[in-house]
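Okay, so here's the structure we're looking at.
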Amino acid sequence: MILLDLPKVWKRLLCLTVILFIVGIIFVPDELDYYCGKAKRAIDKGDYSTALEVGKKSYHTNDELTTLRAYALYKQGKLADCLFEYPLSGRSASLKMLPADDKDRVLCADLMDKNLDLFARHLMRYYSVESEHLPKHYREALILLSHLRSNPIIIYRSNVLEADYVDYQRMEKTAPQPEARKNVLRNVYGSTYWYYYDYGE
């Protein structure tokens with residue numbers, strides 16, 4: 001018959017648990033570190049599509065992941081149409097990998113900093129507002145500007161976007177709790193500049 005010294009066994013199990021916990025904290029990268037590493041490797045290979053898929057369904061981000069995503073979007077020519085489809089962090093400082101004089105970097109920086117008046121002034125320098133090819137997020141920002149200012153710098157009209165923004169506002173008013181409101185809007189309008197403007201970092 002084997003007799004176990006239970007106090008010693010429990011002591012050893014407790015020590016082992018503590019050691020495993022410490023090793024896990026020190027050596028296991030968190031989710032965002034993992035995403036950043038994977039996105040960097042894809043970018044280094046020139047595989048920008050893969051870099052953009054990394055962590056795409058996660059609501060969490062950090063400055064580094066935002067920088068990598070912005071760079072990948074820039075390299076694909078999609079910055080102004082897709083940037084706000086991702087969770088963002090770090091405001092315009094996260095665009096540091098992009099050329100400082102690039103028009104879309106300048107405009108997206110204004111939008112990330114939520115400076116709509118400066119955005120409108122810069123937009124007139126770089127784009128024709130009547131153009132059919134005005135990027136998605138710029139059109140969304142102009143609709144928002146028309147609702148926030150009684151006399152906006154640029155007057156932009158789009159029946160489709162106007163109807164979407166009215167729906168966005170309606171949904172915002174129907175959810176009474178702030179967290180519920182944020183979740184409801186994220187599910188439907190989380191890929192718009194409007195959502196970033198109201199709920200982004």
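The values are calculated or read from the model by the stated rules, or taken from the named source; none is laboratory data. Every value quoted in this text rests on a predicted model; they were computed, and no experiment measured them. As a convention, Cβ positions derive from the backbone with ideal geometry for all residues, glycine included, and neighbour counts pool all protein chains shown. SASA here: full protein model, heavy atoms, side chains in, ligands and nucleic acids out. Shrake-Rupley method; radii C 1.70, N 1.55, O 1.52, S 1.80 Å.
Report the calculated FRET efficiency for residue 151 and residue 17 (r = Cβ-Cβ distance, R0 = 45 Å), to the nearest 0.05. Could the numbers behind the result be given before it?
Working: r = 65 Å, r/R0 = 1.45.
The pair residue 151/residue 17 has a calculated efficiency of 0.10.
Which of the aspartates and glutamates could be linked to residue 173 by a straight reach, that is with a Cα gap under 19 Å, when you skip same-chain ones fewer than 8 residues away?
Answer for residue 173, where 19 Å is the Cα cut-off: 162, 164, 198, listed by chain and number.
I need to check one value: relative contact order of the range 58-141, counting alpha carbon pairs closer than 8 Å and at least 6 residues apart, in percent.
Working: 76 pairs, mean separation 24.4, N = 84.
About 29 percent, as a whole number.
Please give the calculated 222 nm ellipticity per residue for the chain, where each DSSP H segment of at least 4 residues contributes -39500 (n - 2.57) and the sum is spread over every residue; nearest 500 deg cm²/dmol? List each step's numbers first, then the result.
Values: 11 runs with 129 residues, N = 201.
The helix contribution divided over the chain gives -20000 deg cm²/dmol.
For residue 136, give me every one of the lysines with a C-alpha distance below 17 angstrom, ignoring sequence neighbours fewer than eight places off in its own chain.
78, 103, 114
For the chain, report the accessible area per residue in Å² (1.4 Å probe, heavy atoms, rounded to an integer). Kindly include the intermediate steps, with their values, before the conclusion.
Values: 12100 Å² over 201 residues.
Averaged over the residues of the chain, the accessible area is 60 Å².
What does the convex hull of the Cα atoms of the chain come to per residue, in Å³, rounded to a whole number? Write out the running numbers ahead of the final one.
Details: hull volume 36.3 nm³, N = 201.
Enclosed volume per residue, from the Cα hull, is 181 Å³.
At a temperature of 20 °C and a viscosity of 1.002 mPa s, determine how fast the range 60-120 diffuses translationally according to Stokes-Einstein, using the Kirkwood radius over alpha-carbon pairs as Rh; express D in µm²/s, rounded to the nearest whole number. It would help to have the intermediate numbers written out before the result.
Working: Rh = 11.3 Å.
This corresponds to a translational diffusion coefficient of 190 µm²/s.
Quick check: the angle from helix 63-76's long axis to the longest principal axis of the chain, C-alpha only, nearest 10 degrees?
50
What net charge do the residues around residue 123 carry, taking every other residue with its C-beta under 10 Å from that of residue 123, with Lys and Arg at +1 and Asp and Glu at -1?
Details: positive: 103, 121, 125; negative: 110.
Local charge sum for residue 123: +2.
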